[in-house]
1. Which residue fluctuates the most in the chain, going by a Gaussian network model with Cα springs under 10 Å, if the choices are ARG290, ARG349, ARG232?
2. In whole Hz, with x marking every Gly and Pro, tabulate ³J(HN,Hα) for region 80-91 from phi via Karplus 6.51 cos²θ - 1.76 cosθ + 1.60, θ = phi - 60°.
3. If we sort 92-99, 49-56, 256-263 on the protection proxy, mean other Cβ atoms within 10 Å, highest first, what's the order?
4. In whole Hz and in residue order, list the ³J(HN,Hα) couplings for region 3-10 that follow from phi through the Karplus curve 6.51 cos²θ - 1.76 cosθ + 1.60, θ = phi - 60°; x for Gly and Pro.
5. Whose amide H sits under 5 Å from the amide H of THR164, counting only residues 5 or more places off or on another chain, with H placed in the peptide plane?
6. Compute the long axis of helix 240-249 from its Cα atoms, compare it with the longest principal axis of the Cα atoms of the chain, and write down the angle in degrees, 0 to 90, nearest 10.
7. Could you identify which residue out of LEU153, LEU30, LEU246 has the top mean-square fluctuation in a GNM of the chain using Cα springs shorter than 10 Å?
8. Helix 355-371: angle to the longest alpha-carbon principal axis of the chain, degrees 0 to 90, nearest 10?
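The values are calculated or read from the model by the stated rules, or taken from the named source; none is laboratory data. This one's a predicted model, so the numbers in the text were calculated from it and none came from an experiment. Neighbour counts are summed over all protein chains in view; Cβ atoms, including those assigned to glycine, are modelled from backbone coordinates with ideal geometry. Just so you know, the surface numbers come from the protein's heavy atoms only, side chains and all, with ligands and any DNA or RNA stripped out. Shrake-Rupley method; radii C 1.70, N 1.55, O 1.52, S 1.80 Å.
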Amino acid sequence: MVHVSNPILIDREPYTPGLSREHVAGLTGLPLDAVAKLGSAENPFGASPLAQAAVADSLGILDIYPSWTNESLRRAIAARYGVAADQVVCGAGETEIIATLIRTFAAPGETVLMMEPCFPIYHIYTENDGRVPAYVPLGPDFALPIQAYIEQLRALRPAIAFITNPHSPSGHFMTEADIRQICDAAGDTLVVLDEAYIHFTETDGSIHLLPDYPNLIVLRTFSKVFGLAGLRVGFGVAASSIIWPLWNAKPTWNLGQAQLAGGVAALKDDVHVKRTVAMVAEMRGYVAQRFSGLHAFRMVPQSLANFFLVEILDTDRFDSTSIFEALLKRGVIVKDGSIFRGLGKRFLRVDVSLQRHMDRFVDALTEIEREGT
Ligand SMILES: Cc1ncc(COP(=O)(O)O)c(C=O)c1O
């Protein structure tokens, strides 16, 4: 029998990302464009048009190995955010960077701190080679537990501490003062600040804090506001001393020519970004107002992301999996909250999207409330 390095790699269910539109169209008989895909926080306007054109232009150089240091994209990111190119690392989505950071900065047996619930990828990669996740639960109504987090930072002295702004799955926002307090308390712990959804908060995020904190790396993705989830591009910005060991640890040619070209072009696509952010801001208000007609469900308030949590109030009749499946039958894909460790069976995570998708979702919930699943 071939040896597997950690039994968890056999015993654990792999992470299941959101279902595809094709799968649900096949299940329901609905046409593809009638399916509301609200489970993966993608951009319903599609990929940045500038990125699409650049990816098409890159076809002529697919025979040539890309720069293994992702040079063109690092330079573009550095210029856009006012840092040096040796402060930037790129990856096949943030997911690859998160996995590489964990391998690089936490040895097996060491602790990685995170809030609970959080993006499951943090604890999945922590556990893979026998590192130890430690969790700080969110407070009532998903309040971010900043003081409790700082206490655990001091008590456990973890190798890495993940924070997410805005948080996933709640969409709640951490202030600059909160982030500074965490970095101040972290000492030699690497603080990984995941800003996958930062554009939707209509703030500039925290890259400007880097000169003050040599223990901070800020992560961003092209998967969300730029609409490039299918291209797989993300990046991290930090002091060059944090970036350097990642050159040894990352897969060598981790981004292809199309990814580099698409990322460089997307950074210039302010039109696509603005249009997407404006739609999300408007639709958050719209869907909140439509929720006032529901009684068995509540929208958890104060998300500044392009998703929000739905709380099931009538727990005698429903749980997150029965609602997830009832919505699927009606052509609506959401995220069953029970996939998030610590969230349980009372919540679903739903994307903020175009009005017709929001209407389809709320209409389906209204029908489920009235008629059952
Ligand atoms: C909080 C958070 N961070 C990172 C990611 C990963 O993004 P990427 O597509 O860049 O791997 C996601 C994706 O859903 C996310 O929710």
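1. Comparing ARG290, ARG349, ARG232 in the GNM, the peak value goes to ARG290.
2. 5, 10, x, 10, 8, 4, 7, 9, 10, 10, 10, x
3. Answer by packing, highest mean first, reads 256-263, 92-99, 49-56.
4. Coupling constants for region 3-10: 7, 9, 5, 9, x, 4, 5, 9 Hz.
5. Those qualifying (amide H under 5 Å, at least 5 residues apart or on another chain) are ASP194.
6. Approximately 80 degrees, to the nearest ten.
7. It is LEU30.
8. Helix 355-371 sits roughly 50 degrees off the main axis of the chain.
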